[in-house]
C-alpha cells in the first residue's frame with residue numbers, strides 16, 4: 001500500500017470528551033460546569049463526562065447515581081446521538097481532505113494513514129496539527145492526536161496530553177517508550193488480564209518482551225503472542241477504511257479456574273462495563289447478547305439471547321448476561337475463560353420495528 005521502504009505515518013485522532021463537549025458548545029451556559037451525558041433512571045450510566053466533571057471522579061460507564069453522589073452539582077444532559085453523528089461526519093469530512101485511509105473506531109475517534117497525504121507535506125506531525133486546528137475552527141471542539149509508525153502507539157500517544165494535545169513518538173523513541181509502558185496501557189489488557197500479568201511479574205512492555213512469545217501464548221492464548229509483537233514494536237496492521245463493526249466484545253482468561261457465581265459475577269460485571277462503554281462511544285445499540293464459557297478441559301460453549309428491542313445500558317446487558325451464564329444449561333465444571341459480546345448493532349436513536357411473522361393458515 002505504501003511505497004517500498006517509506007516509513008509509515010499513522011495518526012490517531014480522539015475528540016475530547018466528545019458528547020459532553022458538544023453539549024457545552026451548544027449550551028453556552030454549561031461551559032465550565034461539570035456535565036454528564038446520560039439518563040436519569042435507576043440503571044442509567046454516564047455515557048460521557050466533561051473534564052470539569054472528571055475532576056470529581058465522574059467518568060463514562062459510571063452509574064449515574066454514583067456520579068451524582070461524587071458531584072451533586074453535576075448537570076445531566078440527555079444524549080442526542082443524531083447531533084453527535086452529524087458532528088462526527090463533519091470531522092470525518094475533515095479527515096478525508098488529507099487521506100482516504102481513515103478507519104473510524106467510534107463516533108469520536110479514528111486512525112488515519114497519512115504516509116502519502118492528499119493535502120499538505122508528508123509529515124504526520126504537521127498534518128495532525130492542521131487537522132486539530134481545522135476541527136477547532138469548523139466545529140468549535142478540540143481533539144487530541146497521536147502520531148507514530150503503528151496504530152497501537154498512535155492510539156496510546158493521543159491520550160497522553162489530553163485535552164487538546166498532540167504527542168509524537170518518533171521511530172527512534174519507540175523501543176524506549178514501549179519498554180517503560182505499563183502493561184495496563186496495552187491494547188486488549190483489561191483489569192483481569194493486568195492482574196494476571198502482575199502475578200507473573202509482568203508489569204511493563206520490557207517485561208512482556210522478556211517473557212517471550214511462546215510463554216505468553218501459553219498463558220493468554222493467541223492474544224499473548226500479539227502482546228509480545230506489540231512490545232517488540234512490530235505493528236504492521238493496516239488502517240482499514242471499509243471496516244464495518246458487527247459486534248463489540250470482551251473476554252478474560254483466568255490465572256486459575258473459577259467455579260460458581262460468587263467468583264464469576266464480578267468478572268461478568270467488569271466485562272459488561274467494558275462493552276457498554278465501547279457501545280456508548282460508538283453511538284450504537286445491540287440486540288444480541290452472547291456469553292462465552294471455556295471450561296477446564298478447553299471445551300467452549302456460547303449462550304445467546306436476542307431481544308425484540310435493542311439494549312445498551314449496563315443494567316440491561318448485565319441482566320441478560322447473568323441469565324445466560326448462570327441460568328442456562330451448561331456443564332457444572334470449573335471455568336477458565338469468560339466472555340461477553342453484543343451484536344446485531346444499530347445506531348442509537350434508531351426506531352426499531354421488530355418483524356412479526358404470522359403463520360400461514
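Just so it is clear, none of the values below were taken in a lab; they were calculated from the coordinates. A quick note: this is a predicted structure, and the numbers were derived from the prediction, not measured. Here the Cβ positions follow ideal geometry from the backbone for every residue, glycine too, while neighbour counts run over all protein chains shown.
For this structure, a couple of remarks:
- The range 122-139-the range 66-121 distance, computed between alpha-carbon centres (Å): 14 Å
- For the range 281-296 and the range 217-280, distance of Cα centres in Å: 12 Å
- Averaged over residues, the count of other Cβ atoms within 10 Å places the peptides 192-202, 293-303 in the sequence 192-202, 293-303, highest first.
- Fewest-first sequence of 304, 312 by Cβ atoms within 10 Å of each Cβ: 304, 312
- Look at 98, 51 and count the other Cβ atoms within 10 Å of each Cβ; fewest to most, that gives 51, 98.
- The overall shape of the range 220-361 is oblate: from the C-alpha gyration tensor, with semi-axes ordered a ≥ b ≥ c, the ratio a/c is 1.5 or greater and a/b is no larger than b/c.
- CD proxy at 222 nm, helix term only [per DSSP H run n ≥ 4: -39500 (n - 2.57); per residue of the chain; nearest 500]: -11500 deg cm²/dmol
- Stretching residue 299 away from residue 270 to a fully extended chain increases their span by 8.1 nm, per 0.36 nm per residue minus the current alpha-carbon distance.
- Gyration tensor verdict on the chain (Cα atoms; rounded if a/c is under 1.5, prolate if a/b is larger than b/c, oblate otherwise): oblate
- Modelled FRET efficiency - R0 30 Å, residue 236 with residue 59, Cβ distances, 0.05 increments: 0.35
- The range 11-63 shape via C-alpha gyration tensor axes, a/c threshold 1.5: oblate
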